[in-house]
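Just below is one structure, and these are the notes that go with it.
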Amino acid sequence: MLTKANDMWYSEYHDYDVKFSTEITEVFLQEQTPFQYLQMLKSDTFGTFMTLDGYIQLTEMDEFVYHDMISHPALAVNPSIKRVLIIGGGDGGTAREVARYKHISKLDMVEIDGAVVDACIKYMPTTSSVLTNEPRLNLIIGDGLAFVRDAPDNSYDLILVDSTDPFGPGEDLFTVEFYKNCSRVLSEDGILINQHEGAFYEGDVLQMKKAHTKIKEVFTIARVYGFNIPTYASGYWYFGFASKKYDPISDLKADKWAEFGLDTKYYNTELHKGAFALPNYVKKILESV
Ligand code: AG3
């Protein structure tokens with residue numbers, strides 16, 4: 001019989017009767033911040049990982065998928081992007097990918113929860129080292145909604161909304177008010193990338209519809225693309241690509257992007273085209289809003 005001296009597991013509901021679990025080898029931190037419940041844990045398979053309000057945000061094993069896909073598609077559609085705003089993203093993974101583009105001149109990041117930043121600096125150096133090493137990065141601990149409300153017109157070319165799901169501290173980032181301000185703050189050829197949740201489990205589908213309805217109201221072009229990430233519900237998750245004039249496929253500048261010479265672990269420009277090709281059941285969900 002197999003016995004274990006220390007049988008400790010992290011479990012997360014992916015649906016009311018479905019759970020995702022991994023055995024915990026280390027507990028670094030568990031605390032209620034002023035905004036959310038934060039855990040830093042470790043498992044053999046996933047390495048160090050962070051959860052917020054009971055949902056895995058990133059793991060050392062698959063964060064590359066998420067961070068490649070939130071940042072590179074937009075820069076391959078508009079390689080002239082120079083001014084970037086990240087909303088959320090306290091672990092630093094998104095800033096790390098954006099910072100690889102040497103021509104980016106302005107890189108602002110507004111994270112609401114300073115405890116997330118501190119925890120990642122301490123326990124998640126693979127994503128967070130950019131937070132202390134990158135001179136172009138201007139890290140602001142504050143409310144993303146208020147920041148965008150107060151930002152001048154046409155002050156960014158790209159906004160990456162690296163938020164939690166549409167409940168808790170992330171909820172404001174899924175509102176028409178927020179998207180309208182993003183649109184105003186973006187240049188004419190600006191792009192906004194946001195969370196689009198999952199398409200299999202009922203709760204995620206609801207959130208996907210919520211995210212998509214609102215963004216469609218504000219942006220002429222509002223497309224959705226997917227990626228394979230094992231630690232999010234069903235292993236497949238989506239981002240929204242919103243812009244005033246660029247179509248993510250017909251305006252893809254694959255050759256220009258290749259000139260950046262970036263060695264990416266998930267993203268490439270072939271996959272870019274495929275990621276925007278959606279299964280029929282997902283198209284139906286999006287068309288229903
Ligand atoms: N941001 C959160 C993505 C959504 C996670 N949701 C979930 N697992 N239900 C990730 C932060 C990485 N920089």
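Taken together, the values in this text are just the output of simple stated rules run on the coordinates, not laboratory data. The model shown is predicted, which means the values in this text are computed figures rather than measured ones. In this analysis, Cβ positions are derived from the backbone assuming ideal geometry, glycine residues included, and neighbour counts consider all displayed protein chains.
For the chain, complete DSSP H runs whose alpha carbons reach 24 Å or more along their own long axis and whose mean Kyte-Doolittle score is -1.0 or higher are 202-218.
For residue 197, the residues whose amide H sits under 5 Å from its own are 238, ignoring neighbours fewer than 5 places away on the same chain, with H placed 1.01 Å from N.
The alpha carbon centroids of the stretch 179-246 and the stretch 63-108 are separated by 16 Å.
You can think of it this way: the chain between residue 273 and residue 44 has 79.1 nm of extra reach, that is 0.36 nm per residue less the Cα-Cα gap.
Taking the DSSP bridge list for the stretch 101-251 and keeping only pairs wholly inside it, about 60 percent are antiparallel. Applied to the stretch 154-159, the Karplus parametrisation 6.51 cos²θ - 1.76 cosθ + 1.60 on θ = phi - 60° returns per-residue 3J(HN,Hα) values of 6, 10, 9, 9, 8, 10 Hz, with x for Gly and Pro. Loop-located trypsin sites (Lys or Arg not before Pro) in the stretch 227-289 (DSSP state other than H, G, I, E, B) with a sparse environment of at most 11 neighbouring Cβ atoms within 10 Å: 265.
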